[in-house]
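A.B. asks: The structure that follows is given in the form of structure tokens.
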Amino acid sequence: QVQVLESGGGLVQPGGSLRLSCAASGRTFSILSMAWFRRAPGKEREFVSGIVGSGYISNYAASVKGRFSISRDNAKNTVYLQMNSLKPEDTAVYYCAGGRRAVPGSTEKEYDYWGQGTQVTVSS
């Protein structure tokens with residue numbers, strides 16, 4: 001079994017920054033890829049960013065590219081999402097996911113383990 005736990009959400013003003021963390025525990029050796037998804041109010045969950053290994057392979061949704069940065073500490077089984085220049089449209093519940101495939105896929109079906117989510121609200 002693998003457990004995934006997000007932290008770091010909160011309320012931030014437009015233009016501000018937040019860093020989300022996601023810690024995996026259990027049979028973590030099976031996790032090759034990790035990713036962040038988000039669900040905004042009234043919308044479907046969407047891909048934000050994914051990473052494989054120590055970060056040599058990563059990808060981003062077009063809406064966050066250049067503002068968000070994903071990184072991974074394999075020794076701690078933790079992945080981070082640094083979010084800068086936040087906009088009101090970034091408001092969502094952010095979910096961390098772990099997958100057994102060695103590709104940073106952008107669809108939900110490519111991930112096997114999911115956290116409960118952490119709320120990010122961007123508002124003045």
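A.B. asks: Given the residues R67, R45, which is the only one that is in contact (Cβ under 8 Å) with a residue 60 or more places away in the chain, of a type outside the set (V, I, T) and either closer than 16 Å to Y111 by Cα or surrounded by 15 or more Cβ atoms within 10 Å (Cβ to Cβ) (or both)?
C.D. replies: On the way: R67 fails: in contact (Cβ under 8 Å) with a residue 60 or more places away in the chain.
The unique qualifying residue is R45.
Rundown of residues vs (1) open to solvent by less than 80 Å² (accessible area, probe 1.4 Å); (2) over 12 Å from W114 (Cα atoms); (3) out of contact with any Lys or Arg (no Cβ under 7 Å at 6 or more places or on another chain); (4) not aliphatic (A, V, I, L, M), yes/no style:
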| site | (1), (2), (3), (4) |
| --- | --- |
| V12 | yes, yes, yes, no |
| L18 | yes, yes, yes, no |
| S21 | yes, yes, yes, yes |
| A24 | yes, no, yes, no |
| T28 | yes, yes, yes, yes |
| M34 | yes, no, no, no |
| F37 | yes, no, no, yes |
| P41 | no, yes, yes, yes |
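A.B. asks: Now, a different point. Which one of these is under 16 Å from V120 (Cβ atoms) and small (G, A, S): A92, A62, A24, A102?
C.D. replies: So the residue among A92, A62, A24, A102 that is under 16 Å from V120 (Cβ atoms) and small (G, A, S) is A92.
A.B. asks: Within segment 21-33, can one find any residue that is on the phi > 0 side of the Ramachandran plot and not in a loop (DSSP other than H, G, I, E, B)?
C.D. replies: Scanning segment 21-33 turns up at least one residue that is on the phi > 0 side of the Ramachandran plot and not in a loop (DSSP other than H, G, I, E, B).
A.B. asks: Here's a follow-up. Which pairs do you get when a residue that is under 28 Å from S124 (Cα atoms) and of a type in the set (F, W, Y), found in segment 70-85, comes within reach of a residue that is open to solvent by 40 Å² or more (accessible area, probe 1.4 Å) and in a strand (DSSP E or B), reach meaning Cβ atoms under 9 angstrom, with the pair 6+ apart or on two chains?
C.D. replies: Y80/R19; Y80/S69; Y80/S71; Y80/R72; Y80/D73
A.B. asks: Within segment 51-70, work out how many residues are more than 19 Å from N84 (Cα to Cα) and not in a loop (DSSP other than H, G, I, E, B).
C.D. replies: Residues flagged as more than 19 Å from N84 (Cα to Cα) and not in a loop (DSSP other than H, G, I, E, B) within segment 51-70 amount to 2.
The values are calculated or read from the model by the stated rules, or taken from the named source; none is laboratory data. This one's a predicted model, so the numbers in the text were calculated from it and none came from an experiment. Positions of Cβ are backbone-derived with ideal geometry, glycine not excepted, and every protein chain shown enters the neighbour counts. These area figures cover heavy atoms from the full protein model, side chains too; ligands, DNA and RNA do not enter into them. Shrake-Rupley method; radii C 1.70, N 1.55, O 1.52, S 1.80 Å.
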